[in-house]
Amino acid sequence: MLKGIPSILSPELLKILMEMGHGDELVIGDGNFPGASMAQRLIRCDGHDVPRLLDAILGLFPLDRFVAQPVALMEVVVGSGDATPPIWATYKKIIQTHEPVNNGIEYVERFEFYERTKKAYAVVATGESALYANVILKKGVIE
(Lines give C-alpha, C1' and ligand atoms only; values in the text may rest on other atoms or scores of the structure.)
Protein backbone atom coordinates (compact mmCIF):
# COMPACT_ATOMS: atom_id res chain seq x y z
CA MET A 1 0.00 0.00 0.00
CA LEU A 2 1.08 3.54 -0.70
CA LYS A 3 -0.14 6.84 0.66
CA GLY A 4 -2.46 8.75 -1.64
CA ILE A 5 -3.03 5.89 -4.09
CA PRO A 6 -6.63 4.65 -4.15
CA SER A 7 -6.72 0.98 -3.18
CA ILE A 8 -8.98 0.20 -6.16
CA LEU A 9 -5.96 0.77 -8.44
CA SER A 10 -4.05 -2.50 -8.60
CA PRO A 11 -0.28 -2.62 -9.09
CA GLU A 12 -0.88 -3.93 -12.63
CA LEU A 13 -3.20 -1.02 -13.49
CA LEU A 14 -0.80 1.53 -11.97
CA LYS A 15 2.01 0.08 -14.09
CA ILE A 16 -0.11 0.44 -17.25
CA LEU A 17 -1.02 4.05 -16.39
CA MET A 18 2.66 4.85 -15.86
CA GLU A 19 3.73 3.18 -19.12
CA MET A 20 1.20 5.06 -21.23
CA GLY A 21 2.37 8.11 -23.14
CA HIS A 22 0.73 11.22 -24.51
CA GLY A 23 -2.06 10.31 -26.91
CA ASP A 24 -2.33 6.68 -25.80
CA GLU A 25 -5.86 5.50 -25.09
CA LEU A 26 -7.21 3.50 -22.16
CA VAL A 27 -10.55 1.70 -22.49
CA ILE A 28 -12.63 0.97 -19.41
CA GLY A 29 -15.20 -1.66 -20.32
CA ASP A 30 -18.38 -2.68 -18.57
CA GLY A 31 -19.12 -6.29 -17.64
CA ASN A 32 -20.60 -7.03 -21.09
CA PHE A 33 -17.74 -5.51 -23.07
CA PRO A 34 -15.65 -7.99 -25.14
CA GLY A 35 -12.35 -6.60 -23.88
CA ALA A 36 -10.43 -9.86 -23.70
CA SER A 37 -10.88 -10.49 -27.42
CA MET A 38 -9.76 -6.98 -28.38
CA ALA A 39 -7.12 -5.91 -25.87
CA GLN A 40 -3.43 -5.57 -26.54
CA ARG A 41 -3.09 -5.50 -22.74
CA LEU A 42 -5.96 -6.56 -20.47
CA ILE A 43 -6.29 -5.56 -16.82
CA ARG A 44 -8.98 -7.43 -14.86
CA CYS A 45 -10.90 -5.37 -12.33
CA ASP A 46 -13.78 -7.78 -11.80
CA GLY A 47 -16.11 -6.80 -9.00
CA HIS A 48 -15.40 -3.09 -9.43
CA ASP A 49 -17.70 -0.55 -11.02
CA VAL A 50 -16.65 1.97 -13.64
CA PRO A 51 -17.48 5.20 -11.74
CA ARG A 52 -15.18 4.32 -8.84
CA LEU A 53 -12.38 3.25 -11.20
CA LEU A 54 -12.87 6.31 -13.42
CA ASP A 55 -12.62 8.61 -10.39
CA ALA A 56 -9.46 6.89 -9.13
CA ILE A 57 -7.81 6.83 -12.57
CA LEU A 58 -8.59 10.49 -13.33
CA GLY A 59 -7.03 11.45 -10.00
CA LEU A 60 -3.68 10.39 -11.51
CA PHE A 61 -4.23 10.45 -15.27
CA PRO A 62 -4.20 13.74 -17.22
CA LEU A 63 -6.56 13.98 -20.17
CA ASP A 64 -5.16 15.13 -23.51
CA ARG A 65 -5.63 18.90 -23.80
CA PHE A 66 -4.62 18.93 -27.48
CA VAL A 67 -7.87 17.32 -28.59
CA ALA A 68 -11.37 18.74 -28.20
CA GLN A 69 -12.81 15.48 -26.86
CA PRO A 70 -10.34 13.43 -24.79
CA VAL A 71 -13.15 11.14 -23.60
CA ALA A 72 -15.29 8.84 -25.75
CA LEU A 73 -18.45 6.93 -24.88
CA MET A 74 -20.07 4.16 -26.91
CA GLU A 75 -23.23 5.40 -28.64
CA VAL A 76 -26.46 3.64 -27.83
CA VAL A 77 -27.51 1.32 -30.64
CA VAL A 78 -30.73 2.65 -32.18
CA GLY A 79 -33.76 0.77 -30.89
CA SER A 80 -31.95 -0.79 -27.91
CA GLY A 81 -33.43 1.36 -25.17
CA ASP A 82 -32.74 4.62 -23.40
CA ALA A 83 -31.11 7.22 -25.65
CA THR A 84 -29.06 8.53 -22.72
CA PRO A 85 -27.87 5.90 -20.25
CA PRO A 86 -28.14 7.23 -16.68
CA ILE A 87 -24.50 6.34 -15.91
CA TRP A 88 -23.32 8.97 -18.38
CA ALA A 89 -24.41 11.79 -16.02
CA THR A 90 -22.25 10.19 -13.32
CA TYR A 91 -19.30 10.05 -15.71
CA LYS A 92 -19.72 13.70 -16.69
CA LYS A 93 -19.62 14.78 -13.02
CA ILE A 94 -16.49 12.73 -12.34
CA ILE A 95 -14.74 14.03 -15.47
CA GLN A 96 -15.65 17.65 -14.73
CA THR A 97 -14.40 17.28 -11.14
CA HIS A 98 -10.97 16.19 -12.34
CA GLU A 99 -10.84 18.21 -15.57
CA PRO A 100 -12.93 21.40 -15.17
CA VAL A 101 -11.81 22.78 -18.55
CA ASN A 102 -10.57 19.92 -20.73
CA ASN A 103 -13.56 17.61 -20.52
CA GLY A 104 -15.09 17.20 -23.99
CA ILE A 105 -16.89 13.94 -24.65
CA GLU A 106 -17.50 12.33 -28.03
CA TYR A 107 -20.00 9.58 -28.77
CA VAL A 108 -18.66 6.78 -30.92
CA GLU A 109 -20.66 4.23 -32.92
CA ARG A 110 -20.40 0.71 -31.45
CA PHE A 111 -18.21 -0.92 -34.12
CA GLU A 112 -15.99 2.15 -34.41
CA PHE A 113 -15.59 1.97 -30.62
CA TYR A 114 -14.47 -1.66 -31.01
CA GLU A 115 -11.91 -0.67 -33.66
CA ARG A 116 -10.49 2.04 -31.39
CA THR A 117 -10.33 -0.52 -28.59
CA LYS A 118 -8.15 -2.81 -30.73
CA LYS A 119 -5.66 0.07 -31.11
CA ALA A 120 -5.85 1.22 -27.47
CA TYR A 121 -2.87 0.80 -25.18
CA ALA A 122 -4.90 -1.23 -22.69
CA VAL A 123 -8.40 -2.34 -21.71
CA VAL A 124 -9.65 -2.43 -18.13
CA ALA A 125 -12.33 -5.11 -17.73
CA THR A 126 -14.77 -4.33 -14.92
CA GLY A 127 -17.83 -5.85 -13.32
CA GLU A 128 -19.97 -2.82 -14.17
CA SER A 129 -23.59 -3.89 -14.78
CA ALA A 130 -24.88 -0.64 -16.32
CA LEU A 131 -25.45 -0.75 -20.06
CA TYR A 132 -23.34 1.46 -22.35
CA ALA A 133 -20.90 2.06 -19.52
CA ASN A 134 -17.78 1.82 -21.74
CA VAL A 135 -15.40 4.76 -21.88
CA ILE A 136 -12.16 5.65 -23.65
CA LEU A 137 -9.67 8.09 -22.09
CA LYS A 138 -6.91 9.74 -24.14
CA LYS A 139 -3.84 10.45 -22.01
CA GLY A 140 -2.35 13.91 -21.87
CA VAL A 141 0.78 15.31 -20.26
CA ILE A 142 1.67 16.58 -16.80
CA GLU A 143 2.66 20.25 -16.95
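Taking residues in segment 43-56 that are crowded, with 21+ Cβ neighbours inside 10 Å, and partners anywhere that are of a type in the set (F, W, Y) and modelled with pLDDT of 95 or more, the pairs with Cβ atoms closer than 9 Å and at least 6 places apart or on different chains are V50/Y91; L54/Y91. In segment 118-137, what residues are over 26 Å from H22 (Cβ atoms), out of contact with any helix residue (DSSP H, G or I) (no Cβ under 6 Å at 6 or more places or on another chain) and of a type in the set (A, V, I, L, M, F, W, C)? Of everything in segment 118-137, just one residue is over 26 Å from H22 (Cβ atoms), out of contact with any helix residue (DSSP H, G or I) (no Cβ under 6 Å at 6 or more places or on another chain) and of a type in the set (A, V, I, L, M, F, W, C), namely L131. Of all residues in segment 4-13, those that are open to solvent by 40 Å² or more (accessible area, probe 1.4 Å) and closer than 16 Å to V50 by Cα total 2.
Checked against (1) open to solvent by less than 40 Å² (accessible area, probe 1.4 Å); (2) within 24 Å of N103 (Cα to Cα), A39 meets all criteria but (2).
Could you list, in sequence order, all residues of segment 1-42 that are part of a strand (DSSP E or B) and either free of Cβ contacts under 8 Å to residues at least 40 places away in the same chain or of a type outside the set (A, V, I, L, M, F, W, C) (or both)?
E25, G29
Among the residues of segment 86-138, the one identified as under 13 Å from the mean Cα position of the chain (by Cα), part of a helix (DSSP H, G or I) and under 18 Å from R44 (Cα atoms) is T117. Once segment 43-57 is narrowed to residues that are outside any helix (DSSP H, G or I) and of a type in the set (D, E, K, R), the residue that is nearest to I105 (Cα to Cα) is D49.
The values are calculated or read from the model by the stated rules, or taken from the named source; none is laboratory data. Bear in mind that the values here come from a model prediction, so they are computed numbers and not experimental data. We place every Cβ from the backbone using ideal geometry, glycine too, and count neighbours over all the protein chains shown. Only protein heavy atoms, including side chains, enter the accessible area calculation; ligands, DNA and RNA are left aside. Shrake-Rupley method; radii C 1.70, N 1.55, O 1.52, S 1.80 Å.
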